[in-house]
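Okay, so here's the structure we're looking at.
The values are calculated or read from the model by the stated rules, or taken from the named source; none is laboratory data. Predicted model, so just to flag it, every value in this text is computed and none were measured. Here the Cβ positions follow ideal geometry from the backbone for every residue, glycine too, while neighbour counts run over all protein chains shown. When the accessible area is computed, the model is the full protein with side chains, heavy atoms only, and any ligands, DNA or RNA have been set aside. Shrake-Rupley method; radii C 1.70, N 1.55, O 1.52, S 1.80 Å.
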Amino acid sequence: LINSPHGPIQLSDGRVLYAGKQLYRDNPRIGVCESTDDGKTWNWLAEIPARPGDDPGKYHELHAVEAADGRIIVQFRNHNKGYRIRQSESTDGGRTWSVPRSSGVHGHPPHLMRLQDDRLLLTYGYRDPPKGVRVCISENHGRDWSEPFDLVHDTISGDLGYPSSVQLDDGSLITVWYETLKGSKRAVIRQAHWSLES
């Protein structure tokens, strides 16, 4: 039904939610599908509306996270003016969605996760100098995001990104992304083992 590189998430009620974009359609929608049988079957749940003035065809690569207050946050790559990551929220389990707003974050695509302390972590590729992978934190369940900080800023090529992060039992994090080396058409996988305390 839909596609997105970071895949689905499991909600606290046991459902699996997949935020993405419909492919192979003249007017593809973005929205969410749900599965109540651990991904064996999927149903279209809801469309995410377009922001006024935006071309929804320029929305791509969605990812979702369930915040500690029960809201579901979806962010997505945006190629409308400004290129800021767009964000939409649902307060009813994904059945309806707010009109997207700018997250204030420039880059793409977003990967979201909830930390052990219930803060939200956003990691994303940044393809303007200094190129690399950046991180933002939300202390209020996705309503606002911190100023970004560089996880790495030593990449040479602008062909990089799609980071994914996980938190280990000790609270440290591992973030993995791809990167194409200068003068090469081959990509490598890089990772950073890091801590929010360092």
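Here are the numbers for the structure shown:
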| quantity | calculated |
| --- | --- |
| Residue list for segment 57-78, filter: closer than 14 Å to residue 30 by Cα and either without any contact (Cβ under 8 Å) to a residue 12 or more places away in the chain or out of contact with any strand residue (DSSP E or B) (no Cβ under 7 Å at 6 or more places or on another chain) (or both) | 57 |
| Qualifying position, being more than 21 Å from residue 144 (Cβ to Cβ), open to solvent by 10 Å² or more (accessible area, probe 1.4 Å) and out of contact with any Cys (no Cβ under 6 Å at 6 or more places or on another chain), among 55, 69 | 55 |
| Where a residue in segment 129-154 is in contact (Cβ under 8 Å) with a residue 60 or more places away in the chain and its partner, wherever it lies, is open to solvent by less than 30 Å² (accessible area, probe 1.4 Å) and charged (D, E, K, R), with Cβ under 8 Å and at least six apart | 141/71; 142/71 |
| Strands (runs of 3 or more DSSP E) completely within segment 115-198 that count 1 or more residues being surrounded by 16 or more Cβ atoms within 10 Å (Cβ to Cβ) and under 15 Å from the mean Cα position of the chain (by Cα) | 120-126, 132-138, 160-167, 173-180 |
| Checking residue 80 against (1) open to solvent by 40 Å² or more (accessible area, probe 1.4 Å); (2) outside any strand (DSSP E or B), the condition it does not meet | (1) |
| Single match in 9, 2 (criterion: among the β-branched types (Val, Ile, Thr), over 24 Å from residue 143 (Cβ atoms) and open to solvent by 20 Å² or more (accessible area, probe 1.4 Å)) | 2 |
| Segment 18-52: number of residues that are among the polar types (S, T, N, Q) and open to solvent by 40 Å² or more (accessible area, probe 1.4 Å) | 4 |
| Total residues in segment 83-97, condition assigned to a loop (DSSP other than H, G, I, E, B) and either in contact (Cβ under 8 Å) with a residue 12 or more places away in the chain or surrounded by 15 or more Cβ atoms within 10 Å (Cβ to Cβ) (or both) | 7 |
